[in-house]
Structures are given as structure tokens and as C-alpha cells.
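In what follows, a single structure is set out as C-alpha cells and then discussed.
The values are calculated or read from the model by the stated rules, or taken from the named source; none is laboratory data. These numbers were taken from a predicted model, which means no experiment stands behind them. Cβ sites come from the backbone with ideal geometry, for glycine too, and all protein chains shown count toward neighbours. Remember, those area values only see protein heavy atoms, side chains included, never the ligands or the DNA or RNA. Shrake-Rupley method; radii C 1.70, N 1.55, O 1.52, S 1.80 Å.
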Amino acid sequence: MARIKPQTLLLQSKKKKGPSHVSISTIIVYCLLVGVLAVLLLTSYRHWSKRSTGQTGAGSSNFEDVDATQDSKKYDLPGYAILNTPKGYITVELFKDAAPEIVDKFLDLCQKGHFKGMPFHHVIKHYVIQGGDTEGLGAAEDWISKEKLRTKLITSPKHEAFTLGTTKSKQDDKKFGFFITTAPIPDLNDRLILFGRVVKGQDVVQEIEEVDTDERYQPKSSIGIIDVTLKKEI
């Protein structure tokens, strides 16, 4: 066997220890794989981020812009209630400053779904439509039977048409009745606490006012509130 010269062995050793050659195509493939992985991670993050946000803000399907855990300060409370009825939507601005306790109670009952499916049980043309709980309210027909209604419908410096009010008589904590006037009615000033006014849907109120009623002003066909949506702004 022929002997390999030391110089030849040294050259062979250097060749073995040298870095292996990486082709450009291999580098491109690695870069593409890294890019695809980064895109997949970003897409997955965005998906779960949106899903988490949606679940956090979900709450009840009938209440928007409302967090039940919020501190009930006036500026945090919803300022509007939208009543969904078979005739259309009635948007009411709530008087948070003028009647804070009544508004708090009304909002609390709305959030609990208290008015969902509740009928307008008295409808009196050129007077009021009455909804909510009846006990302790004093029936609206008793009011007009003791007053000369027609002589008092001309002007009202205090109680305008399309205002939202509730009786001043003491009510049960779990019950609440309300009235929406359809004309200026001065004789209600001493009977109702005003806590809102209709800002949209006056025509809907008038359509409800036109439904057929019996001799006790009760609608012959049931009409009421489908649900209530609360909003901070409209």
C-alpha cells in the first residue's frame, strides 16, 4: 500500500471540517415556511381576539351599550330606551337628572326583562297610552271620568304631549307602570312623575292610540312591548 504524504492528509482533513454548502433554493424554502407560519399565527391571534371581545360585550341580546356591573352613576347610565312594539319603535330619552330614582328603577327593570311582552292595557285617544303593571296605579279611565277632558287639551305649560311618566302613588319594588301622553294634559301634572320624553316614534304612539278599545279603554286586540333596548346615545 502506498503511503499518503502528510501534506495530502492535512488537506483532506481541512476539506472534511469545512462548512457544508447550502443552496439558494433551500434558503428560499426555509424563508417561505417561516413566512407561512407567521401568517397562520397572526390569523389565529386575530380570530381569538375578536371572539373574546364579542363574548365580553355580549350580555343580553335586547340591551346594547349596557354593562350590568357598571357603577350606576348618572353619566354611565343609558340615556335612551327603545320600545319595540308591533306598530314600530318608540325611542324615549330618559330624564336622568330630573328623576334619577325613577330612571334607576326603570332601567333596572328593563335589564331584567320586566317589560318584555307586557301589554298596553289602557289606550285613551287624545289622552294617554298606559303600560306596565296596573296595581296601585289608579286606572286612567277613573281620571278622565272626574275631569272635563275636552276643556283641558288646549295648552299645557308643564305636561306636554309624548312625555313619559309614572304615577306618584307608592308602588311595589317589583312593579312599575308608565304612561305616554298623546296630548298636552295639565291635569296629570299632580298625578305623574315625568321621567322621559318620546324623541322618535311619535307616529307609532299615535298608531297605538288609534286601536279599537272597549268601554273601559282596554284594547280589543292585544298590543304591547316586544322588548326594550337600552342605549347611552342614539
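One residue stands out among those in region 187-224 that are open to solvent by less than 80 Å² (accessible area, probe 1.4 Å) and touching a Pro at 6+ places or on another chain (Cβ under 8 Å): the one that is nearest to Glu93 (Cα to Cα), which is Gly224. What residue, among those in region 170-186 that are open to solvent by 10 Å² or more (accessible area, probe 1.4 Å) and among the polar types (S, T, N, Q), is modelled with the lowest pLDDT? Restricting to residues being open to solvent by 10 Å² or more (accessible area, probe 1.4 Å) and among the polar types (S, T, N, Q), the top hit is Gln171. Whenever a residue of region 84-104 is closer than 21 Å to Ala161 by Cβ, its partners that are among the polar types (S, T, N, Q) and open to solvent by less than 10 Å² (accessible area, probe 1.4 Å), lying with C-beta atoms within less than 9 angstrom and at least six residues away or across chains, give the pairs Ala99/Thr166; Ile102/Thr166. Among residues of region 199-226 that are on the phi < 0 side of the Ramachandran plot and without any contact (Cβ under 8 Å) to a residue 12 or more places away in the chain, those with a beta-carbon under 9 Å from a residue that is of a type in the set (Gly, Ala, Ser) and in a loop (DSSP other than H, G, I, E, B) at least six positions away or on a different chain give the pairs Asp212/Ser221.
State whether one or more residues within region 132-144 are touching a strand residue (DSSP E or B) at 6+ places or on another chain (Cβ under 7 Å), at pLDDT 80 or above and either buried (at least 18 other Cβ atoms within 10 Å of the Cβ) or over 28 Å from Lys231 (Cα atoms) (or both). Yes: one or more hits.
Each residue in region 88-126 was checked for being modelled with pLDDT under 95, open to solvent by 20 Å² or more (accessible area, probe 1.4 Å) and on the phi < 0 side of the Ramachandran plot, and 18 of them qualify.
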